[in-house]
Structures are given as structure tokens and as C-alpha cells.
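The values are calculated or read from the model by the stated rules, or taken from the named source; none is laboratory data. All values reported here derive from a predicted model rather than from experimental measurement. All Cβ positions, even for glycine, are placed from backbone atoms using ideal geometry, and neighbour counts span all protein chains on display. What goes into the accessible areas is simple: the full protein's heavy atoms, side chains included, and nothing from ligands, DNA or RNA. Shrake-Rupley method; radii C 1.70, N 1.55, O 1.52, S 1.80 Å.
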Amino acid sequence: MSDPAIPIDAAARPRLPRGVRLVHSEAQGGWVLLAPERIFKADAIAAEIIKRCTGEVTFGQLVDDLANSYTAPREKIRTDVATLLRGLADKKLLEL
Amino acid sequence: MHEKPLGLLAELTHRCPLGCPYCSNPLALDPREDELDTATWLRVLREAAELGVLQVHLSGGEPGARRDLIDITAGAHAAGLYTNLITSAVGITESVLTGLVQAGLDHVQISIQDGDAQSADRIAGYAGAFARKRALAAAVVGHKLPLTVNAVVHRANIDRIGDIVDLALALAANRVEIAHVQYYGWALRNRAALMPSREQVERAASAVAELRARHQGRIVIDAVVPDYYARYPKPCVGGWGRRSLNVTPAGKVLPCHAAESIIGLEFWNVRERSLAEIWANSPAFSAFRGTGWMREPCASCPRRELDFGGCRCQAFALTGDASATDPVCHLAPDHARVARGDPDRSWV
């Protein structure tokens, strides 16, 4: 559904809307995103990205931060993060 | 070691001012004097969180009929649960809503019966309900809480899914659920009046696909597909005793809200046992958990852990045997009971 061709503005400040939150669940053995009547398991990388979606950090800063933390080309990180965030926004799980 | 449940449906009461013909309440309602008290609900909610439950759905009946709804919501929130209110809107005043928001409510689902007031109030059997739903929806959005509109569709309103989605957009809902009637309990009794034709169901599926494309990014449209016309059964409740549990107003713990329709199952009650003990050992949960209970064609089916043999309540309702393959499956020996497809014929 999400169109990766639509770029995310580097100045956008992604954040979780009210009614959506990321929690760690012992019972489920990892991170889960709680949303209205839905629960999504988040793998470790997705959780690291979503944790940074606080509404304070810009998309550009978020990509820089991840590029410093993980050894992958910045452009690949930017594309992967944009795909994840677009997908979440389409499901109303993220505000861009 | 069993998997841990994710969700708890807390049926706080069977009382409700509406009279929808597909009501999910059982045919025999728990009377008010048998309802669990506040302290017991608060204990159940704490036990649920300890067991690993992440979301609680406060439902009914109409949960607004409980005078302690705010206390129960606060208890769920304090236990760390994501709290979801499932309401008809009748009985939730604006001051109750404010109290619920302060208590930590995370999300509200409001049912609507149709896209326009006259038809909606006729289906609900309550004059003025539609206007109260609109008012509560506006108040929810005013509190900046996420809102889901839930519309149960059937023969009388299935051709107006576009109007229902337009209404949800006008109410500023983030999400709309188009839920085809599931035929248990009251809906099974009223099936002849409710069941849409195959053509209606097909038109509805195209309408949903078109509406999703048109409104992408504005509203999420979830559709619960009617399994009567499907090739494979639905993975009912994500597998029996696997993902969720349901506590009735009188404290019985069920693997799904319709499970009491299966005659012969033994349910345990939160008045006598902890939720963890019930989840692990209750005969009703053990009866159809996993795949060991299955017969052919389920037992050797490559889909056995995808759809878990379908719905036990439907198997019982249509064949009289709860361990039969769900007759909706095209491989089921009893599939002909569904495949007749004439909504006016009694095949139960």
C-alpha cells in the first residue's frame, strides 16, 4: 500500500499518535506496538526506529543517528526507515 | 507451556438499551445481580496483566450501564493495560467520558447500525441512538482520543458501506470496521432476516477495495470477511486458547465470547480461581487448544496451524459436534450444510 517513491521530508518529526505506544512485553518476548484493537510485534531494529519517533527528532536526525549506531550505508538506512515509517503512517500508527 | 494471551474481552454486563437483531450477547443473559463486583474486576485485570495480557476491551452489553466503569478503567490502566472501550454510546455521558479519559482510557470504539439516523435507529430499536452516537464521537475526538467506528453489516445495510465510511470520515474516526454478522446466538436465530446474498457480499468486497484505495492515509478500513462464502475457515480468535480470553459478566472465563453456545464445555470462574490457573488448566481452554483434538481432514491439513480448524462454535452450531471441521471449509465433510447458500432455508 505504501508508496516508497514519496520521500519523507528530512525536517519531518515522526511521532506516535495518541492511542499508539511501544511497550516491551516479557510474555511476548520482545517489543510490541499497541494500537486501537491491534497489536503488532516489532523486531529489534523496528523497535529502535520507533523509539526515536518522539516528535522531537527530525527524520534526518533519526537517519543520522541510526547511521552512526549501525554499520550500513546512510542511503540504505534512509530508504529502509522511510519504508517502515510510511507503512506505519498508512496504518495510522505514526504521524509524519 | 502455553502461549500467553494478548487480549482480554471484559464483558462487564449484558445489560444494554439497544436491541440489535445480531447482538453478540448469549441467548441466556447474566442477570444484574450475578455481575462481578468492582473489586473482583480489579483483581481480574491485575491478574490479566501479570499473565501477559496487553490490551483489555471493556465491553458488554453496554459497559456504560456499569456505575463503576471509571473505577474499572482506572484499575486496568494502573495494571499497565491498554484500555479500549467498546460502546453503543448510549449511557456514556460527556462527564463519564471525561472521567474515563482522566482514568487513562486509550481508545474508544462506537458501534453504528447504519449510515443514516432513521435506518440506524430502526435496526438498533432505539429512537435517538444515532444522534447520541454522533455526539459521543465528537466528544471523543474533542479529547483527542483515537476513535473507531464499528458497523455490523447484514442484508439491510450492506449496500450502503460507502455511506457508512463517509459517516466515519465525517466523525473524524481513524478507523472503521466493517464487520459482517457472525451467525451465533441471536444472529443465528435471526439469520433468515440478516444474511446477505452472495451477490451483495461480492459487491461489498469491491466497495471496500475501492474505498480503501480512495481513502488511503485518511482512514483505516478493516473488513471482517463473512466466512459463509469463503473457501477456508477463519482462524477463529487466532486459535482456541492461544491469543485471547473472555470474562463474562458473572465471571466465567471463555476462550471466545460465543463459547457458551457449545453444550458440554466446562468453564471455570474467576470467583473461584485465578486467571492464570484458568488459562493453563480450564477444561474449556484445554478442549480445543493446539492440534491434538483434530480429526481428518484437519489433522493432516497443511493449514492446521493457520486456521486451527476454523470456528468451534460454528462447527457445533451447524453439525452438533464441536470437534468437527468448521463446515465453512470446502474440505469439511459437512460443507454441504453451508454450500446450499440459500439464506431463507433452515440448515441448522
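Here are some notes:
- With the simple spin-label model, which puts each label point 7 Å out from Cα in the Cβ direction, the A:Thr54 to B:Ser323 separation comes to 5.6 nm.
- Across the range B:283-292, coupling constants 3J(HN,Hα) worked out from phi with the 6.51/-1.76/1.60 Karplus curve, θ = phi - 60°, read x, 5, 6, 6, 4, 10, 7, x, 10, x Hz, and Gly and Pro carry x.
- Close Lys pairs in the protein assembly as shown (alpha-carbon distance under 19 Å; sequence gap of 8 or more, or different chains): 10.
- Each residue, B:Arg303 and B:Asn269, gets one label point 7 Å from its Cα in the Cβ direction; the gap between the two is 4.0 nm.
- Taking a ≥ b ≥ c as the square roots of the eigenvalues of the Cα gyration tensor, an a/c ratio below 1.5 marks the protein assembly as shown as rounded.
- Gain on full stretching of the segment that runs from B:His330 to B:Glu3 - 0.36 nm per residue minus C-alpha separation: 114.8 nm
- Lacking any other cysteine beta-carbon closer than 4.7 Å, the following Cys residues of chain B have no compatible partner: B:Cys16, B:Cys20, B:Cys23, B:Cys256, B:Cys298, B:Cys301, B:Cys313, B:Cys329.
- Gyration tensor verdict on the range A:21-90 (Cα atoms; rounded if a/c is under 1.5, prolate if a/b is larger than b/c, oblate otherwise): prolate
- In the B-A interface, the accessible area buried, summed over both sides, Å² (probe 1.4 Å): 2000
- Take each residue of peptide A:27-38, count the partner chain Cβ atoms within 10 Å of its Cβ, and average: the result is 6.
- The stretch between B:Ala170 and B:Ala78, if pulled fully straight at 0.36 nm per residue, gains 29.8 nm over its current Cα-Cα span.
- Residue-by-residue Karplus 3J(HN,Hα) for the range B:143-153, coefficients 6.51, -1.76, 1.60, Hz, glycine and proline x: 7, 6, 8, x, 10, 10, 9, 10, 10, 7, 10
- Of all DSSP beta bridges confined to chain B, the antiparallel ones make up roughly 10%.
- CD proxy at 222 nm, helix term only [per DSSP H run n ≥ 4: -39500 (n - 2.57); per residue of chain B; nearest 500]: -9500 deg cm²/dmol
- For chain B: rounded, prolate or oblate by the Cα gyration tensor [a/c cutoff 1.5]: oblate
- Restricting the range B:160-236 to trypsin sites (Lys or Arg not before Pro) that sit in a DSSP loop and have at most 14 other Cβ atoms within 10 Å of their own Cβ leaves B:Arg218, B:Arg231.
- The residue among B:Val176, B:Ile86, B:Ala10 whose Cα reaches farthest toward the positive pole of the charge dipole of the protein assembly as shown, with charges on the beta-carbon of Lys, Arg, Asp and Glu, is B:Val176.
- Interchain or long-range residues, amide H under 5 Å from B:Val224's placed H: B:Ile178, B:Ala179, B:His180
- Label-to-label distance, nm, for residues given as B:Ala138 and A:Arg15 (7 Å Cα→Cβ offset): 2.7
- Counted residue by residue at 0.36 nm each, then reduced by the alpha carbon distance between them, the extension gain from B:Ala156 to B:Arg295 reaches 46.2 nm.
- Integer Hz, Karplus 6.51/-1.76/1.60 couplings in order for the range B:296-307, x for Gly and Pro: 6, x, 5, 4, 10, 6, x, 9, 4, 9, 9, 10
- Under the convention that each Lys and Arg Cβ holds +1 and each Asp and Glu Cβ holds -1, the size of the dipole of chain A around its Cα centre is about 200 debye.
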